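Heads up: the structure comes next, in structure tokens.
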Amino acid sequence: MMPDARVAGMRAPLSGGVRMRLSSLLPEGPWQWAAVVIAALVLAPLLALAWTALQGGQDGLWTHMARYVLPPAARNTALLLAGVGVLVVAIGTGAAWLVTAYDFPARRVLAWALLLPLAVPTYIVAFAYLDLLHPLGPVQGVVRELLGYDSPRDFRLPDIRGLAGCIVLLGFVLYPYVYLTTRAMFMTQAAGLLEAARTLGASPAVVFRRVALPLARPAIAVGAALALMETLNDIGASEFLGVQTLTVAIYTTWVTRADLAGAAQIALSMLTIVVALLAVERYARRRQRYATGERPRPMRAQRLQGLAAALALALGVLPVLVGFVVPASYLAWETVERLVGAGVSPRLLASAGNTVVVALAATVATVAVGLVLAWALRLAQVRRRAAGATLALRLASLGYAVPGTVLAVGLLLPLAWFDAGGNALRGAFGLEPRLLLMGSATALVLAYLLRFLAIATGGIEAGLARIAPSLDQAAASLGHAPGATLRRVHLPLLRPALAAAALLVFVDTMKELPATLLLRPLNFETLATWLYAEASRGTYEEGAVAALMIVLVGLLPVVLLARTGLRYGGEPAA
């Protein structure tokens, strides 16, 4: 009997601990249940995508795709990700070290100007450079005139269309993801480590390679993963430049070949790449967990003069010129010519109105849902039952990692099921069937909500983290329910965070192209789809107007980042 008693005594604490862990996962209260419902809503398209893929595509068509479409698309996607990854790491890390470790004329201006390419979507950069570098375009015309040639038949520059051109353009647009994370790491590194290496006689190159770079590797990996997920999401630049990627293959399989199951199968294969990128990002964050007892002193920038200062400035300005100044200047010039010559098309104005209306609706819905998620996590943390809310928050954040085309294909089946159920209900009351979600902009709003929910939730969660938990406890002691505490105490304090989250969601919604192309109603255009259609037809003049509108709106979050995200205490110069 004694051994049995000892075994029972050993099992009791274990089962109790398991019960405590399981109970922390169970929802408690309406806010927790709302978070669970939101997480399920985000997971629904991914589960529907798997279900659709299991149905199998058209046999003959799938055989053709497996032999002739998928191998080159997968190869191009892998080469594109590898090339863009190398380029964004080189440009982003180099630029971050340049403006952090060295002091030269216009360094502080350059520090925020290096963020400007974030305002230009990849498909707009491709759109601009295709016209600029066209054999009949302005750049090649000037080159031929300088060299004494009269016709493109006599001399032309290499065509930008192709994998190499796509890698270069995407690299010069997406490097700010690495620049942001890496510069933040450089600015928060303890100056003592770097200065100790210098006092030991290490050259600046050795200090960078052997001290700063190893410490910044987690931040570089996080930024590179974000840039590669944006690369995977791109459809406009790849298609404009003639690069057949998996994203383009999904779009053509559904829109051109009407094979939803085949598109779902390709989308499911893309999710494996997304999972791999997320695993790299999570591993990098795990490596980034360290703390210091006091705020680290930023490194002292080394002053450069003469030729060295001019070279540093030129190297820093180059990515800004290629990624923002040149395409933005081209768009501004083409817009002025269009406005002076023919004015603005009424259809373009209607597209701009559609864009603003849908973006506002998506912003309001996304920020509201993000507030529910963040508040549910806050309540769970105060009550020390945060495991379930944290899991729901992570699941609800998956949408941002999923490419827009993949999310759109996954939404098609749930939307069709909803419309079928709604029409069955309408038929019971003698009403004619109609498309309820698929035939309206509601599908777009839902896609935007799922895609950008992580942005809103992250911003609001960060805002809540700056509010002392003692305010929650004081409100509870006065008898206020969680909803009243949120409304009367936290919402007034969260206004800056809510405004910043709303701005980011609004801008990303305006720029989103892949999901909009697949889910928009008939005869419904946004600025992004208008630009896509104009580029497909080769009519660049009016497309430039739409592109410039998107870029100007995209500048708003860049200004916000420049004002709040790049300064860390003082930046003393040597």
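The values are calculated or read from the model by the stated rules, or taken from the named source; none is laboratory data. Given the structure is predicted, the values throughout are model-derived calculations rather than measurements. Cβ sites come from the backbone with ideal geometry, for glycine too, and all protein chains shown count toward neighbours. Accessible surface areas use protein heavy atoms only, side chains included; no ligands, DNA or RNA. Shrake-Rupley method; radii C 1.70, N 1.55, O 1.52, S 1.80 Å.
So that you can scan it fast, the table gives a plain yes or no per residue for (1) open to solvent by less than 30 Å² (accessible area, probe 1.4 Å); (2) closer than 23 Å to ARG394 by Cα; (3) in contact with a helix residue (DSSP H, G or I) (Cβ under 9 Å, 6 or more places away or on another chain); (4) at pLDDT 80 or above:
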position: TRP417; (1), (2), (3), (4): no, no, yes, yes
position: GLY421; (1), (2), (3), (4): no, no, no, yes
position: LEU425; (1), (2), (3), (4): no, no, no, yes
position: LEU431; (1), (2), (3), (4): no, no, yes, no
position: LEU435; (1), (2), (3), (4): no, no, yes, no
position: MET438; (1), (2), (3), (4): no, no, yes, no
position: LEU446; (1), (2), (3), (4): no, yes, yes, yes
position: LEU453; (1), (2), (3), (4): yes, yes, yes, yes
position: PRO482; (1), (2), (3), (4): no, yes, yes, yes
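Check ALA212, ALA197 and return the single one that is in a helix (DSSP H, G or I), of a type outside the set (Ser, Thr, Tyr) and modelled with pLDDT under 75.
Exactly one residue qualifies, and that residue is ALA197.
Any residue in the stretch 118-144 that's farther than 13 Å from GLY165 by Cβ and open to solvent by less than 30 Å² (accessible area, probe 1.4 Å): show its pairings with residues that are charged (D, E, K, R) and part of a helix (DSSP H, G or I) at Cβ separation under 8 Å, as long as the two are six or more apart or on different chains.
Between residues of the stretch 118-144 that are farther than 13 Å from GLY165 by Cβ and open to solvent by less than 30 Å² (accessible area, probe 1.4 Å) and residues that are charged (D, E, K, R) and part of a helix (DSSP H, G or I), the close pairs are PRO121/LYS511; GLY137/ASP131.
Do the conditions hold for ASP154, that is, is it free of Cβ contacts under 8 Å to residues at least 60 places away in the same chain and of a type outside the set (Phe, Trp, Tyr)?
On the way: free of Cβ contacts under 8 Å to residues at least 60 places away in the same chain: yes; of a type outside the set (Phe, Trp, Tyr): yes.
Yes; evaluated as a whole, the condition is true for this residue.
Within the stretch 350-469, considering only helices (runs of 4 or more DSSP H) that don't extend past its boundaries, which have at least 3 residues that are among the β-branched types (Val, Ile, Thr) and either under 22 Å from ALA34 (Cα atoms) or touching a residue at least 12 places away in the same chain (Cβ under 8 Å) (or both)? Let's see the steps before the verdict.
Working: elements: 386-396, 398-401, 404-428, 442-465.
Counting at least 3 such residues, we get 404-428, 442-465.
Taking the condition assigned to a helix (DSSP H, G or I), under 26 Å from the mean Cα position of the chain (by Cα) and at pLDDT 85 or above, does LEU331 pass? Before you say what the answer is, go through the steps one by one.
Numbers: assigned to a helix (DSSP H, G or I): yes; under 26 Å from the mean Cα position of the chain (by Cα): yes; at pLDDT 85 or above: yes.
Yes.
Got a number for residues in the stretch 526-540 being among the hydrophobic types (A, V, I, L, M, F, W, C), in contact (Cβ under 8 Å) with a residue 24 or more places away in the chain and closer than 18 Å to GLY242 by Cβ? Give the steps one after another, and end with the answer.
The initial filter retains those residues of the stretch 526-540 that are among the hydrophobic types (A, V, I, L, M, F, W, C), namely 527-528, 530-531, 533, 535.
Going one step further and asking which of them are in contact (Cβ under 8 Å) with a residue 24 or more places away in the chain, we end up with 527-528, 530-531, 535.
Then drop every residue that is not closer than 18 Å to GLY242 by Cβ, which leaves 531, 535.
Qualifying residue count for the region: 2.
Can you name the residue in the stretch 52-73 that is open to solvent by less than 80 Å² (accessible area, probe 1.4 Å) and more than 20 Å from VAL255 (Cβ to Cβ) and, of all such residues, is modelled with the lowest pLDDT?
Ranking the qualifying residues of the stretch 52-73, first place goes to THR63.
May I ask you to verify whether ALA227 is more than 28 Å from ALA535 (Cβ to Cβ), in contact (Cβ under 8 Å) with a residue 24 or more places away in the chain and either buried (at least 23 other Cβ atoms within 10 Å of the Cβ) or under 17 Å from the mean Cα position of the chain (by Cα) (or both)? Step through it out loud before you land on a result.
Values: more than 28 Å from ALA535 (Cβ to Cβ): no; in contact (Cβ under 8 Å) with a residue 24 or more places away in the chain: yes; either buried (at least 23 other Cβ atoms within 10 Å of the Cβ) or under 17 Å from the mean Cα position of the chain (by Cα) (or both): yes.
No.
Within the stretch 537-567, work out how many residues are within 15 Å of LYS511 (Cβ to Cβ), of a type outside the set (Gly, Ala, Ser), in contact with a helix residue (DSSP H, G or I) (Cβ under 7 Å, 6 or more places away or on another chain) and at pLDDT 85 or above. Quick ask: steps written out before the conclusion?
Of the residues in the stretch 537-567, the ones within 15 Å of LYS511 (Cβ to Cβ) are 543, 546-558.
Narrowing further to those that are of a type outside the set (Gly, Ala, Ser): 548-553, 555-558.
Filter once more, keeping what is in contact with a helix residue (DSSP H, G or I) (Cβ under 7 Å, 6 or more places away or on another chain): 548-551, 553, 555-558.
The next check asks that each one be at pLDDT 85 or above; those that pass are 548-551, 553, 555.
Number satisfying all stated conditions: 6.
For the stretch 491-513, state whether one or more residues are buried (at least 20 other Cβ atoms within 10 Å of the Cβ), at pLDDT below 85, farther than 30 Å from ALA546 by Cα and within 32 Å of the chain's Cα centre (by Cα).
No, the stretch 491-513 contains no residue that is buried (at least 20 other Cβ atoms within 10 Å of the Cβ), at pLDDT below 85, farther than 30 Å from ALA546 by Cα and within 32 Å of the chain's Cα centre (by Cα).
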